[in-house]
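Novice: Got a structure here, written out as structure tokens. Questions coming.
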Amino acid sequence: MPRAFYILITVQFVSALADNALLIVAIARMVELASAAWLVPMLKLCFVLCYVALAPLVGHLADLWPKGRVMMAANSLKCLAALLLLWDFDPLGVLALAGLGAAMYAPAKYGLVTELLSARLLVRANGFIEASTVSAVVLGTALGGLLVSQAPSGWEAASAVAQWLNAGDSHLKVGMTCLLGLYGLAATLNLAVGDSGKRYAHHPFNPRQMFTRFVHENRLLWTDPLGGLSMAVTTLLWSIGACLQLIVLRWAGESLGLSLEHAAYLQGLTAMGVIAGAMLASQTINLDFAPRLLPVGILLGLLIPSMAYVHSIQAAAALLVFVGGLAGFFVVPMNAVLQHRGHSLLTAGRSIAVQGFNENLGILIFLGIYAGVTALAIPLMSLIWCFGFLVTCTMLWIWARHRRQCLQTVMESSSN
């Protein structure tokens, strides 16, 4: 692997670490402001909205300039978001600005990987990227818990910087300053990434043509039997996962009596399970076998309601690790199938844009539903049961549809 790739991984880790900590700090800020409960899921929704709205555009932008420069601009936007949070701006607007930076960052990052590495190294490189991302989720969630605790109040350097920046009077200002420093570090590290030297022909900026092409690419991937199957599964899992991230925080507070700080630590256990499940899948599952894992998705749906009957921290930790392990074991092979079909039908970059659009649109819809049911004050236990029922029924439908397609293929082959 070239040195530039390891620098890229480092930048990715620092930026993703700050993104996950930012969500926890923003939630704490909403609590501090005594905001309505239904506004909390809107934080994640604002972040994801940019991925969906700008999907046809960000790939085009990533090819206009060297990828490292685009990544620096994206992290600079995140720096501005952290600074605005320090200055008492609305956390919803702050998360939207950070989401804009993240939406720009993703295609530039994956595009630079393909420019730096040969095809034979791409699988290994994606393994590094996934490990870095999930590790950043674990550590970023834990870091967010630390930043909203009382511990940072003694960090004199960060406190001095917050005072110099004329920060607001929030007790979270030291933690917000640390976030600003992390984003600044990520932007600075981009200077060392360098330029791959790859240049592309400049296409005219025509929003109508970009949108039309993007719609066609979406239809092409969805109508492919394996592409549509894997897209449906990954979209469902990422959408439910975004809601469960918030449900776990609420469940830890209401059922286990944990503070936001300790709930964030508990949530990190799920990501640890995902890492373990993903590693196991990478060693034991191949692409051809991946569709046979659909019953694992049904099992995940059946396990979600068990949260309603867990009232001890030890049992909660074991459940979250197990659920995370199943999710990692299931989603990694399905994601590989989607990338393989996307690369075959489109190109690597365009298929990633289509995949990101659909998964984040699903997250957006589910977070909107979660915000709505929270505004209606539906009890937590009822909410957990509903999400479990939804996952189970949807996975049963996907499994039945896949079996019907396989049977139809066998019958057509026999008739020929």
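The values are calculated or read from the model by the stated rules, or taken from the named source; none is laboratory data. All values reported here derive from a predicted model rather than from experimental measurement. FYI the Cβ positions are ideal-geometry reconstructions off the backbone, even for glycines, and counts take in every protein chain you see.
Novice: Only residues that are surrounded by 21 or more Cβ atoms within 10 Å (Cβ to Cβ) and either of a type outside the set (D, E, K, R) or in contact with a Pro (Cβ under 6 Å, 6 or more places away or on another chain) (or both): list them for region 41-53, please. Write out each step before concluding.
Specialist: To start, the set of residues in region 41-53 that are surrounded by 21 or more Cβ atoms within 10 Å (Cβ to Cβ) comprises 41-51.
If the condition is that a residue be surrounded by 21 or more Cβ atoms within 10 Å (Cβ to Cβ) and either of a type outside the set (D, E, K, R) or in contact with a Pro (Cβ under 6 Å, 6 or more places away or on another chain) (or both), then Pro41, Met42, Leu43, Leu45, Cys46, Phe47, Val48, Leu49, Cys50, Tyr51 are the ones that fit.
Novice: Being at pLDDT 80 or above and acidic (Asp, Glu) narrows it down to one residue among Glu261, Glu254; which is it?
Specialist: On the way: Glu261 fails: at pLDDT 80 or above.
Exactly one of Glu261, Glu254 is at pLDDT 80 or above and acidic (Asp, Glu), namely Glu254.
Novice: Follow-up question, since we're still on this one. Somewhere in region 332-346, is a residue surrounded by fewer than 22 Cβ atoms within 10 Å (Cβ to Cβ) and either farther than 30 Å from Phe211 by Cα or free of Cβ contacts under 8 Å to residues at least 12 places away in the same chain (or both)?
Specialist: Looking through region 332-346, at least one residue is surrounded by fewer than 22 Cβ atoms within 10 Å (Cβ to Cβ) and either farther than 30 Å from Phe211 by Cα or free of Cβ contacts under 8 Å to residues at least 12 places away in the same chain (or both).
Novice: Taking Ser159 and the conditions (1) more than 15 Å from Ala82 (Cβ to Cβ); (2) modelled with pLDDT of 70 or more, which numbered condition does it fall short on, given that it satisfies the others?
Specialist: The failed condition is (2).
Novice: Going by what's in this entry, would Ala73 be described as touching a residue at least 12 places away in the same chain (Cβ under 8 Å) and either small (Gly, Ala, Ser) or touching an Asp or Glu at 6+ places or on another chain (Cβ under 7 Å) (or both)? Give the steps one after another, and end with the answer.
Specialist: Values: touching a residue at least 12 places away in the same chain (Cβ under 8 Å): yes; either small (Gly, Ala, Ser) or touching an Asp or Glu at 6+ places or on another chain (Cβ under 7 Å) (or both): yes.
Against the criterion (touching a residue at least 12 places away in the same chain (Cβ under 8 Å) and either small (Gly, Ala, Ser) or touching an Asp or Glu at 6+ places or on another chain (Cβ under 7 Å) (or both)), Ala73 qualifies.
Novice: Quick test for you: out of Ser282, Ser239, pick the one residue that is in contact with a Phe, Trp or Tyr (Cβ under 7 Å, 6 or more places away or on another chain), in contact (Cβ under 8 Å) with a residue 40 or more places away in the chain, among the polar types (S, T, N, Q) and in a helix (DSSP H, G or I). Write out each step before concluding.
Specialist: Values: Ser282 fails: in contact with a Phe, Trp or Tyr (Cβ under 7 Å, 6 or more places away or on another chain).
Only one candidate passes the filter, namely Ser239.
Novice: Would you point out the residue of region 376-391, among those that are touching a helix residue (DSSP H, G or I) at 6+ places or on another chain (Cβ under 7 Å) and aromatic (Phe, Trp, Tyr), that is surrounded by the most Cβ atoms within 10 Å (Cβ to Cβ)?
Specialist: Residues of region 376-391 touching a helix residue (DSSP H, G or I) at 6+ places or on another chain (Cβ under 7 Å): 380-381, 383-385, 387-388, 391.
Now restrict to residues that are aromatic (Phe, Trp, Tyr): 385, 387.
Numbers: Trp385: 15, Phe387: 22.
Of everything passing the filter in region 376-391, Phe387 is surrounded by the most Cβ atoms within 10 Å (Cβ to Cβ).
Novice: Under the condition of being at pLDDT below 75 and in a helix (DSSP H, G or I), which residue from region 58-77 is nearest to Gln209 (Cα to Cα)? Step through it out loud before you land on a result.
Specialist: Initially, region 58-77 is screened for residues at pLDDT below 75, giving 58-68.
Filter once more, keeping what is in a helix (DSSP H, G or I): 58-62, 67-68.
On the way: Val58: 14, Gly59: 14, His60: 12, Leu61: 15, Ala62: 17, Lys67: 23, Gly68: 27 Å.
Top of the filtered list is His60.
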